[in-house]
Every structure is written in C-alpha cells, then in structure tokens.
Amino acid sequence: MAELGSKGVTAGKIASNVQKKLTRAQEKVLQKLGKADETKDEQFEQCVQNFNKQLSEGTRLQKDLRTYLASVKAMHEASKKLTECLQEVYEPDWPGRDDTNKIAENNDLLWTDFHQKLVDQALLTMDTYLGQFPDIKSRIAKRGRKLVDYDSARHHFEALQTAKKKDETKIAKAEEELVKAQKVFEEMNVDLQEELPSLWNSRVGFYVNTFQSIAGLEENFHKEMSKLNQNLHDVLLGLDKQYSGNAFPVKAQPSDSTPAKANKSPSPPPDGSPITSPEAKTVNHEVEPSTLEAPGASIPKSPSQSSLPAVVVETFPATVNGTVEGGASSERADMPPGFLFKVQAMHDYTATDSDELQLKAGDVVLVIPFENPEEQDEGWLMGVKESDWIQHKELEQCRGVFPENFTERVQ
C-alpha cells in the first residue's frame, strides 16, 4: 500500500509539473501576442546582460590561459631538447663540461617551476572564479520561470475579478495562488538583485590579481633564465678562446661587385664540413698578374661555408673567353667545347630540378662555361659527367648545373 501511495505522489507531482509548463507556455504566447502584459525590470535585465558578458569574458580568458600554459610546456620541451643536444655535442675533454650539465639541469627545473606556479596562481584561481557562474545562471533561469508563474497567477486573478459572474471561492483560491507565486518570485529576485552587481564589480580585482600574478611570474622566470644564459655564454666564450687559434680552410668569398643571384641556393654537404682542394690546406694559389689584368677575366665563385676566426683562402685561375689561363685549351678533342677544368664529387647530391646533375661521391665532372654568364647562380657550376661525355659525346643531353661546394677540384 505504501508503495502504491508513493507512486501516486510521484504521478501527481509529474502532472503538476506538466500543468505548470503548459500554463507558462500559454502565458508566454499571450505576452508575445500582446494580449497579456509582462512584468519588466530594466535594472535586473541590465544585470543579466552584465552577467552574460562577464561569463563570456571569463570563459575566453580561461581558454587563452590554458593555451598559454600549453605553449609554456611546449617551450619547456623544446628548450630541454636543445640543452640535451648541447650536452651530446659537448665533448668530455672540452673545458666547462660540468658547467654545461649544471646549466641544463637548472634550466629544466626553472621551466618546471614556472609552469607549476602558473597553474597554482592563475589557472586554479581562474577555475574557482568561473565555478560560481553555473549556479547563478541556473537561478536566473529559475527566476524567469517564477516571473512567468507570477504574471500568469496575476492575470488569472484579474480575469476572475472582472468576470460577469463572480465565483468568490475561485477568486479566493486565485488570490492565494497569486500571493504564493509573488512571494517565491520576490525571494529569488531580491537575492539575485544583490548578488549580480557584486559579482560584476568583482571582475576588476580578479583581472588585476590574475594578470599581476602572470606578469610577476614571467618577470622572475626571465631574470633567472637570463642568469643561466649568461653563464652558458661565459662557458662557450672560454671554449672559443681555447680553440680560437685553429685555422679552418674555406673557399674564397664572392666579390662584392658580383650581382647577387637568389634563384638557386646550394645546400651544404651532408656533414656540414667545408669542401676545399688538397692544395688549399697548405698554401694559397697565386693568380698570375697577367691573368688578373686580362680583360673580361673573372674568378669562379663558390658559396661561403662558414665564418671562422682564421681562414685559408683558395683561389682559382681566371678564365678568358672560356679558356683557363695557363691551362688546357678549350679546343681539346677529348673534352667538351669550352672545357675549363675537372672536379670530383665529394658527397652525393640529389638533383631537385631538371637542369641539375645527379652526383655520386667519386663522380668526375668536366666543368664548362655557361652559354649566358648572366644565368650562372652564385655557388653553382655547369658541367657534364666525364663518364657521360666519354660514352655519348652529347653535350645538350648530358650537361647540367651542380653545387660547387659538393665537389673538389682535380689537378
């Protein structure tokens, strides 16, 4: 019996809720059609607009703060990889090895501490701040429903009072429902009227505290990171001073008077090492004065490999009208027309365009002049592989350009 009674109460409550929804729907339709007046509170409506704006701004700030934290974490990982790379390339017998390890450890700790403090002092505070909005938003919606109930009860009571045949029993019951609806609405309305302006004003202090925390944490982080960077700079400066006396051979720099050509830029060899001829390691090749004074003479150019404290410059004989001064004639029968000199590939080179030569380490290339010197890009030579020339004797099909710094001149 108790179970049946419980089911009856539940069914009755459901029916009551359904009836309330129908009554509210009818009241809203009448209000929209202008057949029933609606209680308005412009001051409260302004508070609701401010609330929605505050919620939207807070939600955006929370999203952007999470993005910022994700970026800090990504920077931490990138910084960690970079310091790990430094530790790997820093050889054990180099001075400052222990210092670089300590700097790397402190760098990792500094990033971790920065991220954790941002979470504690900014993100968690942000989550707490936004945590109060869902409850207030629910209460605002409930107040709106209770306002419709109040208007509906008021209209029902007024209709009974103005009816031609008055039923005092119905009027008394309607009045009782009106008083009850008004009381429920006003209790919720008063509470929200106090809370919403207070919540709106609290945003200023919250924004100030949040951004002050972030700015302060960033300031301290960068100060400490600056100290670590200065320490690393000093360690590397000591390494540089110890090895600054070593000479590293590189090929000649292009003349400043040569117009720059940017359509092709040869990539460095796979090992990153400068490519020079054996003679460049010990002596400089001198160009004969007569060659320098020859009209139209030019020095073949190669891309710069690196900028080092001491360099040994390698120069090549100048050419005049496709002929190497003091070298082989371009009319040799066993060489292509205009032959200048030979080079050997020191590294594999994969062609990236149809006018380029595909090279394997060890390939010998016969260098020839460009038909139009203006088409020559800085650091590139024109040539035909010696094996192709011996087999086909066909220049048009076999020739192509290749990066000079992948090759070594053959004497």
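Read the figures in this text as sums done on the coordinates, not as results from a lab. Just so we're clear, the structure is a prediction, and the values are computed from it rather than from any experiment. Cβ: placed from backbone, ideal geometry, glycine included. Neighbour counts: every protein chain shown.
For the modelled label position 7 Å from the Cα of Lys241 along Cα-to-Cβ, which residues of segment 75-109 have backbone nitrogen atoms closer than 13 Å?
Once the point is set 7 Å along Cα→Cβ of Lys241, 95-96 turn out to lie under 13 Å by backbone N, inside segment 75-109.
Asp363's amide H: which non-local residues (gap 5+, or another chain) put their own amide H closer than 5 Å, with H modeled 1.01 Å from N in plane and none for Pro or chain starts?
Ala345
Under a 5 Å amide H to amide H cut-off, with H placed in plane at 1.01 Å, what residues pair with Trp380 once short-range neighbours are removed?
Glu404
Can you work out ³J(HN,Hα) from phi for every residue in segment 130-145, in order, using Karplus 6.51 cos²θ - 1.76 cosθ + 1.60 and θ = phi - 60°, giving whole Hz and x for Gly and Pro?
Result, ordered by residue: 6, x, 7, 6, x, 5, 5, 4, 5, 5, 5, 5, 5, 4, x, 5 Hz.
What list of ³J(HN,Hα) couplings, whole Hz, do you get for segment 356-365 from phi and the Karplus terms 6.51, -1.76, 1.60, once you set θ to phi - 60° and write x for glycine and proline?
With the stated coefficients, segment 356-365 comes to 9, 8, 8, 10, 10, 3, x, 4, 9, 10 Hz.
Please compute the modelled spin-label separation between Leu228 and Thr128, points set 7 Å along Cα→Cβ, answer in nm with one decimal.
With each label point 7 Å from Cα toward Cβ, the separation is 2.9 nm.
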